[in-house]
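Q: Please see the structure below; I have some questions.
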Amino acid sequence: MITVPKGFVAAGIACGIKQSGAPDLALVATDDGKAVVAAAVFTSNLSTAAPVVVSRAHLASTAGRAAAVVLSSGNANAATGAQGQADAERMCSLVADGLGCRAEEVLVCSTGLIGIPLPMAPLESGIPALVAARGADGEAAATAILTTDTRDKQVVVEGAGFTVAGMAKGAAMLAPNMATMLAVLTTDAMVEIDQAQAALVDGVRDSFNALSVDGCTSTNDTVILLASGRGARPDIDAFSDAVAEACAQLAFLMAGDAEGATKVARIRVVGARTDDEASRAARKVAESQLVKCSLYGQDPYWGRVVSELGSSGVVFDPDRVSVSYGGTEVCHDGIAVAHDAAAVAAHMAGRELEIVADLGVGRGSGVILTNDLTHAYIDENMGTS
């Protein structure tokens, strides 16, 4: 799907980073090897991985243009010092040699284990083969970036005379800002660099930055947007909406495929003093282990929700708060109310859940996307993974 917008090619192969032999190296590039408009948003974690450092520097040196993104999975190339940065630069140089562009016009992403030197031998032989394999196979690229994900994540959003497509990975260490994730978006819209960057920042804000699986923020988080300009020059609001929709769809897919997840839940807080306070309160509920365990147990234990709201640090009146599950109110003005228990039970048994808390103190609103906490999450993360 990443190659649906005009002007892009992709590839994905197994080069040997993963001992399992699974695909672990991907490329998204312009079909002619020429640099186009590029925008990016990176992790807020100060323990920043080498690929993030290198990609930031490359975008700065080209004033926001890139010809390709190379992505490796199985090793994060994080906490690897100067050698890690040299290895990330080498990955870019190998791609540039194959495409006929400058190394600074290549961006790099990695995901996987932290603190382990990047195995360069497989990359030295794999990247030339990857570049040679480039074509319309976006599926292979989307598969090659996965780690503990169980399935690839791809979307396409059609606009008026332009298209936005995206692929992403992410299954754990998912918390604002952003989630533990890599995402590449492509578009054939004709936009300027500042327009692309603004649209991406806005799109990330209400999608990846409104997603929390376990409250942990990664070292490698990166979202990149490449714009070929081969399509129409869109209305800028319509373009921003399309980018935001692609990001939102990818974030939802990530929440549903989080490690061990059986439920995807939207925690919506309304009636807060401000939008910021609503988002803070929603995040507190979304990251509560007790609430997440209740989601897994299909137990509408609203007392845990109210408790988290009261400790979230926002303006809160226990005599005004109300809570509903799937549109059925179970708590009003801080106390239990008679309700249709069967309707609530049916909602809790579903795959997609919504909890709405009305604080009753203002007009602010905010939403955080999360999932349940299961035994499988612990099994996956009790050792190095």
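Q: Say whether the condition of being open to solvent by 60 Å² or more (accessible area, probe 1.4 Å) and out of contact with any Lys or Arg (no Cβ under 9 Å at 6 or more places or on another chain) is met by at least one residue in segment 303-317.
A: Yes, because at least one residue in segment 303-317 is open to solvent by 60 Å² or more (accessible area, probe 1.4 Å) and out of contact with any Lys or Arg (no Cβ under 9 Å at 6 or more places or on another chain).
Q: Here's something else I'd like to know. Show the residue pairs meeting these rules: Cβ distance below 6 Å; 6+ apart or different chains; first residue within segment 29-40 and under 15 Å from Ile193 (Cβ atoms); second residue among the basic types (Lys, Arg) and open to solvent by 10 Å² or more (accessible area, probe 1.4 Å).
A: Ala35/Arg65; Ala38/Arg65
Q: Filter segment 27-50 down to the residues that are modelled with pLDDT of 95 or more and either touching a strand residue (DSSP E or B) at 6+ places or on another chain (Cβ under 7 Å) or among the basic types (Lys, Arg) (or both) and list them by number.
A: Leu27, Val28, Ala29, Thr30, Asp31, Lys34, Ala35, Val36, Val37, Ala38, Ala39, Ala40
Q: Additional query: Give segment 263-284 a look and list any residue that's open to solvent by 50 Å² or more (accessible area, probe 1.4 Å) and touching a strand residue (DSSP E or B) at 6+ places or on another chain (Cβ under 8 Å), or say none.
A: Arg266, Arg268, Arg273, Thr274, Asp275, Asp276, Arg280, Arg283
Q: Could you identify the single residue in Thr143, Thr111 that is β-branched (Val, Ile, Thr), touching a Gly at 6+ places or on another chain (Cβ under 9 Å) and at pLDDT 95 or above?
A: Numbers: Thr111 fails: at pLDDT 95 or above.
The match here is Thr143.
Q: Something else now. Run Arg268 past the list (1) modelled with pLDDT of 95 or more; (2) in contact with an Asp or Glu (Cβ under 9 Å, 6 or more places away or on another chain); (3) in a loop (DSSP other than H, G, I, E, B) and report the number of the one that doesn't hold.
A: Among (1) modelled with pLDDT of 95 or more; (2) in contact with an Asp or Glu (Cβ under 9 Å, 6 or more places away or on another chain); (3) in a loop (DSSP other than H, G, I, E, B), Arg268 violates only (3).
Q: For Ala172, indicate whether it is open to solvent by 10 Å² or more (accessible area, probe 1.4 Å) and at pLDDT below 75.
A: Yes.
Q: Can you name the number of the only condition in (1) open to solvent by 10 Å² or more (accessible area, probe 1.4 Å); (2) under 21 Å from the mean Cα position of the chain (by Cα) that Ser72 fails?
A: (1)
Q: Let me ask another. Between residues in segment 310-339 that are over 20 Å from Gly364 (Cα atoms) and residues that are of a type in the set (A, V, I, L, M) and loosely packed, with under 15 Cβ neighbours inside 10 Å, which pairs lie under 6 Å by C-beta distance while being six or more apart or on different chains?
A: From segment 310-339, the pairs are Thr328/Ala343.
Q: Please find, within segment 82-92, the residue that is surrounded by the most Cβ atoms within 10 Å (Cβ to Cβ) out of those that are over 25 Å from the mean Cα position of the chain (by Cα) and touching a residue at least 12 places away in the same chain (Cβ under 8 Å).
A: Just the residues of segment 82-92 that are over 25 Å from the mean Cα position of the chain (by Cα), to begin with: 82-83, 86, 90.
Restricting the remaining residues to those that are touching a residue at least 12 places away in the same chain (Cβ under 8 Å) gives 83, 90.
Numbers: Gln83: 13, Arg90: 18.
That would be Arg90.
Q: Please determine whether any residue of segment 285-295 is open to solvent by 20 Å² or more (accessible area, probe 1.4 Å) and modelled with pLDDT of 95 or more.
A: Filtering segment 285-295 for residues open to solvent by 20 Å² or more (accessible area, probe 1.4 Å) gives 287, 289-290, 293.
In the following step, the residues that additionally are modelled with pLDDT of 95 or more were identified as none.
No: zero hits.
Q: Find the residue count for segment 49-69, including only residues that are open to solvent by less than 40 Å² (accessible area, probe 1.4 Å) and either part of a helix (DSSP H, G or I) or out of contact with any Cys (no Cβ under 6 Å at 6 or more places or on another chain) (or both).
A: Going through segment 49-69 one residue at a time, the tally reaches 13.
Q: Only one of (1) open to solvent by less than 70 Å² (accessible area, probe 1.4 Å); (2) within 24 Å of Gln249 (Cβ to Cβ) is not met by Leu359, so which one is it?
A: Failing condition for Leu359: (2).
Q: If I filter segment 24-47 down to residues being part of a loop (DSSP other than H, G, I, E, B) and open to solvent by less than 50 Å² (accessible area, probe 1.4 Å), which single residue comes out as farthest from Glu105 (Cα to Cα)?
A: So, considering only residues that are part of a loop (DSSP other than H, G, I, E, B) and open to solvent by less than 50 Å² (accessible area, probe 1.4 Å), the one farthest from Glu105 (Cα to Cα) is Asn45.
The values are calculated or read from the model by the stated rules, or taken from the named source; none is laboratory data. It should be emphasised that the depicted structure is a prediction, and the values quoted were computed from it without experimental measurement. Every residue, glycine among them, receives a Cβ derived from its backbone with ideal geometry; neighbour counts consider all protein chains shown. The accessibility values were calculated without ligands, DNA or RNA, using every heavy atom of the protein model including side chains. Shrake-Rupley method; radii C 1.70, N 1.55, O 1.52, S 1.80 Å.
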